[in-house]
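Read through the structure below, which is laid out as structure tokens, and then see the notes.
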Amino acid sequence: MSDALKKAAADAALALVAPGMRLGLGTGSTAKLFVDGLGARVAQGLQVICVATSEATQAQAESLGIPMSTLDLTPELDLTIDGADEVDAELRLIKGGGAALLREKIVAAASRRMVVIADAGKLVGTLGRFPLPIEVVPFGLEATRRAVAAAIAASGANGELVLRKRPDGTTLLTDGGHFILDAHLGSIADPERLAALLNQVPGVVESGLFIGLATAAFIARPEGVQILGDIAAQRD
Ligand code: 5RP
């Protein structure tokens, strides 16, 4: 996605921010632009308190002087703004391309609203073209990998599971000290069933399927920003 489209989506989300809000800050290149814009508004006097979804976002926000908290001190958030790797028409997401899915999901679940910022290339008819990140504990990796493969097969999907590496060839560790298995599924016909089956596998910490969490999305296209869902909607 071009930076201009990412920025258009980020700017649309910035307009939702009101003084006094408790915000969740996403991770990734689109969320980074949102945090840049938020930093500029904080520098102009906007008062908010924020929780980051990754160490990278925490460092960026601190460098911009954005007041930061934790979910221990601020366990309920008004609004989380985050990117996504895929979004479907029902606001189901694949996330975790930036390896932050676990904290992203915890922060989104603690928020009354989660608004996704993305370009139209992320909007799909069926989830699964983007490899599904599955965060697993390092202990028992091969046994967990087999159980994950069985869960995927039981859901009706199939595809290769690839342990995520860093560019230098070492195994990637998430902020939580876990590994990521990327499931190359091509399409996920039943995301709810797959998510439920993966959640039952011992050793799986979280999957990158975000279901029932996003309340709206800003989808940026060259001709303008499309709104999916209800930007005022709140989860109970
Ligand atoms: C990080 C994520 C990101 O939100 C997702 O990868 C999108 O990133 P980008 O805005 O760089 O395309 O889930 O874990």
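Here are some notes:
- Unique match (being more than 14 Å from the ligand (Cβ to nearest atom), in contact with a Ser or Thr (Cβ under 9 Å, 6 or more places away or on another chain) and not β-branched (Val, Ile, Thr)) among ASP3, ASP78: ASP78
- Condition met for ASP175 (in the same structural domain as ARG193 (by TED's automatic domain parsing), more than 16 Å from the ligand (Cβ to nearest atom) and more than 30 Å from GLN226 (Cα to Cα)): no
- Per the listing ALA151, ALA110, ALA143, the residue uniquely more than 28 Å from ARG235 (Cα to Cα), more than 16 Å from the ligand (Cβ to nearest atom) and open to solvent by less than 30 Å² (accessible area, probe 1.4 Å) is ALA151.
- In this structure, VAL87 does satisfy being buried (at least 23 other Cβ atoms within 10 Å of the Cβ) and within 14 Å of the ligand (Cβ to nearest atom).
- All positions within segment 151-168 that are out of contact with any Gly (no Cβ under 8 Å at 6 or more places or on another chain) and in a helix (DSSP H, G or I): ALA151, ALA153, ALA154
- Taken together, the residues in segment 123-140 that are away from the ligand (no atom under 16 Å from the Cβ) and buried (at least 18 other Cβ atoms within 10 Å of the Cβ) amount to 0.
- Within segment 15-36, the set of residues being in contact (Cβ under 8 Å) with a residue 24 or more places away in the chain and either among the polar types (S, T, N, Q) or open to solvent by 20 Å² or more (accessible area, probe 1.4 Å) (or both) comprises LEU16, PRO19, GLY20, MET21, ARG22, THR27, GLY28, SER29, THR30, LYS32, LEU33, ASP36.
- Yes/no for LEU71 being open to solvent by 20 Å² or more (accessible area, probe 1.4 Å) and out of contact with any Gly (no Cβ under 8 Å at 6 or more places or on another chain): yes
- Residue in segment 33-49 that is at pLDDT 95 or above, within 12 Å of the ligand (Cβ to nearest atom) and among the small types (Gly, Ala, Ser) present: no
- Selection count where residues are surrounded by fewer than 22 Cβ atoms within 10 Å (Cβ to Cβ), of a type in the set (D, E, K, R) and either in contact with a Lys or Arg (Cβ under 6 Å, 6 or more places away or on another chain) or modelled with pLDDT of 95 or more (or both), scope segment 205-230: 2
The values are calculated or read from the model by the stated rules, or taken from the named source; none is laboratory data. Treat the numbers as computed from the prediction; the structure is a model and nothing was measured. Here the Cβ is made from the backbone with ideal geometry for all residues, glycine too, and neighbour counts use every protein chain on show. Just so you know, the surface numbers come from the protein's heavy atoms only, side chains and all, with ligands and any DNA or RNA stripped out. Shrake-Rupley method; radii C 1.70, N 1.55, O 1.52, S 1.80 Å.
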